[in-house]
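K.L.:
Dumping the structure here so I can ask a few things about it.
The values are calculated or read from the model by the stated rules, or taken from the named source; none is laboratory data. Since we're looking at a predicted model, the values are computed, not measured. Ideal geometry is used to build each Cβ from the backbone, glycine not excepted, and the neighbour counts take in all protein chains shown. Note: areas computed on protein heavy atoms with side chains; ligands, DNA, RNA excluded. Shrake-Rupley method; radii C 1.70, N 1.55, O 1.52, S 1.80 Å.
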Amino acid sequence: PQSSAPQTHQPASAHVLLRKLKEAFLGKYEESPLFYACAPGRVNLIGEHIDYCGYAVLPMAIEQNILAAVSVNNSQMIQLANTDPKYKDFTISVSGITIDRENPQWHYYFLCGVKGIQEQLSLSSQVGIRCVVDGTIPASSGLSSSSALVCCAGLVTMEANQQSISKAMLAETCAKCERYIGTEGGGMDQSISFLAEEGKAKLIEFNPLRATDVKLPGGAVFVIANSCVEMNKAASSHFNIRVVECRIATKVLAKVSGLDWSSFQKLGDLQTELGLSLEKMLELVEEVLHPEPYSRDEVCKILGINTEQLSVNIVSANTRHVSHFRLYQRARHVYTEAARVLQFKAVCDLAPAGAVLQLGKLMNQSHASCRDLYECSCPELDQLVNICLQAGAVGSRLTGAGWGGCTVSMVPTERMDSFLQTVKELYYMPDARRAALIKQSLFATRPGGGATIFTEE
């Protein structure tokens, strides 16, 4: 098949997984897979909750990924199975895909990817596929397991139908199609999954989508630690409430600035239109927005609309129950976090003597802003961040949407062993459930490569 994704040889550890997946596929369908697709998870080093506001973020792909074995037939059916028995088999016709956003099951994420590519390519006739999915990304951990599944499904659909799309296009398509399940994300997860390169973090910018290499300084390692508190973005309205709060803040600031507020959705677009620096945008936030929460009535009064218009045009379906919005805190987080991303990239580019400490400090400021202004942390994440700093990290922060999931810490290489030991003893061992999950919950990571299609060599 003509694929735009590079054909790569898999590392040794992947061979074991691949063999296990092939056996599962044979056992299930009594035939061999035609090809494999994999899409990596990611860790965002800095730039949380700002991609959907139009700002650049700084993630890297991790070695953990979603892997699919696939065969193709002309049945017009999609047959899905998962190596984890907790995820049930699912079969559906290629022409009858429906996604139930009230009930975010694993197979619906896969179907988001299929449907996105179907629509992007306007595929009139489509092959049937059989697929077994396996994954090493812990679910609901903030390492993007759901987006990796969407990306993997998009890649599978493209390859099975012998189509070829650029990686940037795949990323944009997969970012849009995750909205079928109700997640209003900004595109970071899908972009890094496709555009990642081994050994490099990336600055990812949007509209138009582009990725710039970021060379991380030597002498330090990034360590991921899972709080073992699960958070499912699509199932929870926390995430979409923040999207809506940023949208309302944008409209209020636009209105006060004398612009047509109805045409602005993102804090980043507003900055572009006003032609102001991030510092000046922060001054505007201080001047215009009050720290007390805004009621629906107050928002309507400022914008000159009724509550019906607010519900229909501004608030999303699963946030209609929200009565108050914290506009000042959310806008302040977004503009300061956008500035920290640019500072982080500048430090990596200049590589001064104290680079590791400077980057650590930016990570710490990011966590404080996520905790206090964006309120997307939780007590376990805060405790874990404090333990990581105590254990020798120069910087530690929540990563991913928050409200559970993982922290990422920057640890000087020479402190690595004692760091892992201390975090293990203080966070994981005192709790039986966490202690049982420690193997997949605490690990050092390096920047991995992007999504690929491969056959067995």
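K.L.:
Rounded to the nearest 500, what is the chain's calculated 222 nm mean residue ellipticity when only DSSP H runs of at least 4 contribute -39500 (n - 2.57) each, over all residues?
P.N.:
-13000 deg cm²/dmol
K.L.:
Which whole-number value in Å² is the accessible area per residue of the chain, probe 1.4 Å?
P.N.:
Ligands and nucleic acids excluded, the figure is 40 Å² per residue.
K.L.:
Counting pairs of alpha carbon atoms under 8 Å apart in space and at least six apart in sequence, what relative contact order in percent does the chain give?
P.N.:
Numbers: 939 pairs, mean separation 107.9, N = 457.
Dividing the mean separation by the residue count of the chain yields 24 percent.
K.L.:
Ok, one more. To the nearest 0.05, how large is the calculated FRET efficiency for GLN162 and GLN440 if R₀ is 45 Å and r is the Cβ-Cβ distance?
P.N.:
Approximately 0.80, to the nearest 0.05.
K.L.:
Among CYS177, LEU278, PRO33, pick out the residue whose Cα is farthest towards the positive end of the charge dipole of the chain, where Lys and Arg carry +1 and Asp and Glu carry -1 on C-beta, about the Cα centre.
P.N.:
Most positive-ward Cα: PRO33.
K.L.:
In the range 43-132, what percent of the accessible surface is made up of carbon and sulfur (1.4 Å probe, ligands and nucleic acids excluded)?
P.N.:
Its accessible area is 45 percent carbon and sulfur atoms.
K.L.:
Tell me the carbon and sulfur percent of the accessible area for the range 185-327, rounded to whole percent, probe radius 1.4 Å.
P.N.:
49
K.L.:
While we're looking at this one, here's another question. Taking the Cα atoms of the chain alone, what are Rg (to one decimal) and Dmax (as a whole number) in Å?
P.N.:
22.1, 67
K.L.:
Okay, moving on. PRE reach from ALA368 (point 7 Å along Cα→Cβ): which of the range 27-53 fall under 19 Å by backbone N?
P.N.:
Hits in the range 27-53 for ALA368 at 19 Å: 46-49.
K.L.:
Next up: Counting DSSP beta bridges in the chain, what percent are antiparallel, to the nearest 5? It would help to have the intermediate numbers written out before the result.
P.N.:
Working: 50 of 55 bridges.
Counting only bridges with both partners in the chain, antiparallel ones make up about 90 percent.
K.L.:
Still on this structure: Cα-based Rg (one decimal) and Dmax (whole number) for the range 138-244, in Å?
P.N.:
According to the Cα coordinates of the range 138-244, Rg and Dmax are 15.2, 45 Å.
K.L.:
Hey, another quick one. Taking the full set of protein chains and a 1.4 angstrom probe, give the accessible area of TYR52 in square angstrom, rounded to the nearest 10.
P.N.:
Result for TYR52: roughly 20 Å² accessible.
K.L.:
Please give me, ordered by residue number, the GluC sites (Glu not before Pro) of the range 66-173 that lie in loop per DSSP and have at most 11 other Cβ atoms within 10 Å.
P.N.:
In loop regions of the range 66-173 (DSSP not H, G, I, E or B), the sparsely surrounded GluC sites (Glu not before Pro) are GLU102.
K.L.:
Normalised by the number of residues in the range 116-235, what is the relative contact order in percent for Cα pairs under 8 Å and 6+ residues apart?
P.N.:
Across the range 116-235, relative contact order equals 25 percent.
K.L.:
Between ASP84 and SER311, what is the label-point separation in nm under the 7 Å Cα-to-beta-carbon projection?
P.N.:
Those two pseudo-labels are separated by 3.7 nm.
K.L.:
Still on this structure, I have one more. Sort LYS251, LYS280, LYS439 from largest to smallest accessible area, using a 1.4 Å probe on the heavy atoms of the protein chains. Walk me through the numbers on the way to the answer.
P.N.:
Working: LYS251 5, LYS280 100, LYS439 185 Å².
Sorted descending by solvent-accessible area, the residues read LYS439, LYS280, LYS251.
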